[in-house]
Amino acid sequence: MVSILYNALILPLLRMALWAGRALSPKLRLRSGAEKEALRRAAKTSGNPRILFHASSMGELEQVIPIMHELKRRMPNGCIILSCSSPSGYNHALRQPCIDAALYLPIDTRRNARRFIEATSPDVFVINRYDVWPNVVKTAVSRCRVLLINATYPSVADSPLLRKWVKKFYRKISSITAVSESDAAKLSALCDRTIRHIPDTRVDRVLERIASADATTDILRSTDRPTLLLGSTWPEDEDLLFATLLKIDASRLRLIIVPHEPTEQALKRIEQHVSCQRLSRIQPPYDGNVLVDSVGHLLSLYRLADAAYVGGGFGAGVHSTTEPVGYGLPVACGPHIARSRDAQEYHRSVLLSIVSTSAELSSWIQTTVLDRSAREAASLQSKHYLAQRTGSAHVYAEMIVAELTSN
């Protein structure tokens, strides 16, 4: 009954919503114009074997890029196709040299699923994380091996009404590997088979990006003062900083402030409270406080930091904490980490400090940022933690190659 409702009611409603949304959303209009042409380009790609990845959005795409790099190294004549659901993911995929063709995953009707799999013609289909669609899975498993990687437990399976239906199409998937031990346990119970846990490939990607970070920040001179980088900050994060600077000797720190949205209004607001120089106006050598007035520098700026405060923790959710942890930095953020699995895990592992007040941020700065031995201990702990969780991209590449050779 659920399957009938899904195909006869839910999908038509989703289709109507997407159609109506195009009138209001420029992103949806861009998607509409690109869908058919992208599918045609994907169908014309050559190369053998053919590996199809699906990653819902840009964040999920970043997780599978190191796997694609490893596969291209092993099989330079292979064809890698990437489907996604969001325009941000699609546009990011177009810029990746390891991807031979990018396209949108269509609405999950039986007809669309058939056309999608026929056009891409995969030897292996790899779905990342959670974006599992019943008709696409059903169509794909009849033609190739389907792997679900970095998997999380689908919360919809907790519904007594939907669990049996979800269980049915999850059990069709050839291989499932979970992103955490708790997800592995829940997926094992759902699928009635043992699901293995493999660490998140996001760590591999972050370390890969760190290794290739640009050197545009070389204009900033090193300093004897510890450098605290505040990344992707929102006004609530900045207000916390302003209040904290009144409680500590700020001259003992160098600050690098990277607003999430470096508008002129946001920059002037920070300049009213902090003595700093905008990055675009700096003449080397310079070792004072820095206000970053353009986007795209955060990853390379972490190279200069001794500690990091990550913004977003007083709003919808904290931004990426894996990048500063990857650099071996002590990290702090606001209290809203419920939507970030990475932040929750780092907090449990004592790699991330939660601060809710200026008194707490002041204490963290005094006991960690300004204390060289504390910073060094945090760095060793971060590196040990990451060393135990790297290499998943190689494991997944080996799995995919094994699937190809067994066909």
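Numbers at a glance
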{"read-out": "Number of positions in the stretch 277-303 that are farther than 19 Å from Glu236 by Cα and either among the hydroxyl-bearing types (Ser, Thr, Tyr) or in a loop (DSSP other than H, G, I, E, B) (or both)", "value": "15"}
{"read-out": "Within the stretch 110-129, tally of residues that are over 22 Å from Val401 (Cα atoms) and not hydrophobic (A, V, I, L, M, F, W, C)", "value": "5"}
{"read-out": "Verdict on Arg341 being of a type in the set (Lys, Arg), free of Cβ contacts under 8 Å to residues at least 12 places away in the same chain and out of contact with any helix residue (DSSP H, G or I) (no Cβ under 9 Å at 6 or more places or on another chain)", "value": "no"}
{"read-out": "Matching option when the condition is crowded, with 20+ Cβ neighbours inside 10 Å, touching a strand residue (DSSP E or B) at 6+ places or on another chain (Cβ under 7 Å) and either farther than 16 Å from Thr233 by Cβ or modelled with pLDDT of 95 or more (or both), among Ala393, Ala308", "value": "Ala308"}
{"read-out": "Qualifying residues in the stretch 244-260 (those that are free of Cβ contacts under 8 Å to residues at least 60 places away in the same chain and part of a helix (DSSP H, G or I)) - the one farthest from Tyr286 (Cα to Cα)", "value": "Leu245"}
{"read-out": "Residue within the stretch 353-374 that is free of Cβ contacts under 8 Å to residues at least 40 places away in the same chain, buried (at least 20 other Cβ atoms within 10 Å of the Cβ) and outside any helix (DSSP H, G or I) present", "value": "yes"}
{"read-out": "Residues located in the stretch 42-57, provided they are under 16 Å from Ala140 (Cα atoms) and out of contact with any helix residue (DSSP H, G or I) (no Cβ under 6 Å at 6 or more places or on another chain)", "value": "Arg50, Ile51, His54"}
{"read-out": "Candidates Leu241, Leu267, Leu228, filtered to the one that is assigned to a strand (DSSP E or B) and either under 21 Å from Leu301 (Cα atoms) or among the β-branched types (Val, Ile, Thr) (or both)", "value": "Leu228"}
{"read-out": "Meets criteria (within 21 Å of the chain's Cα centre (by Cα), buried (at least 18 other Cβ atoms within 10 Å of the Cβ) and under 27 Å from Asp224 (Cβ atoms)) for Val290", "value": "no"}
{"read-out": "Residues of the stretch 264-282 satisfying the condition of being surrounded by fewer than 20 Cβ atoms within 10 Å (Cβ to Cβ) and in contact (Cβ under 8 Å) with a residue 24 or more places away in the chain", "value": "Ala266, Leu267, Arg269, His273, Val274, Ile282"}
{"read-out": "Residue ID - nearest to Ser180 (Cα to Cα), chosen from residues in the stretch 127-147 that are within 17 Å of the chain's Cα centre (by Cα) and modelled with pLDDT of 95 or more", "value": "Asn128"}
{"read-out": "Which numbered condition Glu323 misses (of (1) modelled with pLDDT under 95; (2) part of a loop (DSSP other than H, G, I, E, B))", "value": "(2)"}
{"read-out": "In the stretch 375-390, the residues that are buried (at least 19 other Cβ atoms within 10 Å of the Cβ) and of a type outside the set (A, V, I, L, M, F, W, C)", "value": "Ser382"}
{"read-out": "Residue within the stretch 251-260 that is assigned by TED's automatic domain parsing to the domain that holds Gly317, closer than 19 Å to Val369 by Cα and charged (D, E, K, R) present", "value": "yes"}
{"read-out": "Residue list for the stretch 301-315, restricted to those being farther than 14 Å from Leu228 by Cα and over 16 Å from the mean Cα position of the chain (by Cα)", "value": "Gly313, Phe314, Gly315"}
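The values are calculated or read from the model by the stated rules, or taken from the named source; none is laboratory data. Computed from a predicted model, the values in this text were never measured in an experiment. For neighbour counting, all protein chains shown are included, and Cβ atoms are generated from backbone atoms with ideal geometry for every residue, glycine included.
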